Structures are given as C-alpha cells and as structure tokens.
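Rule-based calculations on the coordinates, nothing more; no lab input. Because the structure is predicted, anything quoted here is derived from the model rather than measured. All Cβ positions, glycine included, derive from the backbone under ideal geometry; neighbour counts span all protein chains shown.
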Amino acid sequence: MWADLQEEYGDRIEFFDVDRETEEGREFISDHGVPIGQPGFIVYDASGEVTYAGLGPTRPDAVRNLVESALPR
C-alpha cells in the first residue's frame, strides 16, 4: 500500500522512511514527539509546518486520507 501511495502521489509529495532502529531515526521521531511504534507518521504541509505527528492510522483508507492532507492546496 505504501508503495502505491508513493507512486500515485510522488510527483506532488515527498515521502521519507525513517528507520527507528538507527540512532538518527530514534532522534528524529523523538524530536517530533512520536512514540516508538508502528506505523508512525509525520506530515508536513507545503510550508514545512508539521500538521500531524503520531502513531497510526493503520487502515488503508485512513492512511490515504493522511497522505492527501499533505497535498498542496
């Protein structure tokens, strides 16, 4: 599902994967207040402001809605 979203929205949204098993990954998620867990998401708007930082969602339709919330308006 994640790959499908990247393919569909990749020309309008930049996707990053962060590895929580690395020191840099743990620091990144900690800096954004996201607890260790899966999946965790951080969404930035077009101006670079965080609009969502947390665990989940896990349902495909909810993940799609979260990705779509980052689309430039």
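The table for this structure:
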{"read-out": "Mean Cα-pair separation over length for the range 2-68, i.e. relative contact order, pairs under 8 Å, 6 or more apart, %", "value": "21 percent"}
{"read-out": "Formal net charge of residues neighbouring Arg73 (Cβ-Cβ distance under 15 Å; K, R +1; D, E -1)", "value": "-2"}
{"read-out": "Point-charge dipole on Cβ atoms (K/R +1, D/E -1) for the chain, about Cα centre, debye to 20", "value": "340 debye"}
{"read-out": "Whole-Å distance, taken between Cα centres, linking the range 37-59 and the range 1-22", "value": "12 Å"}
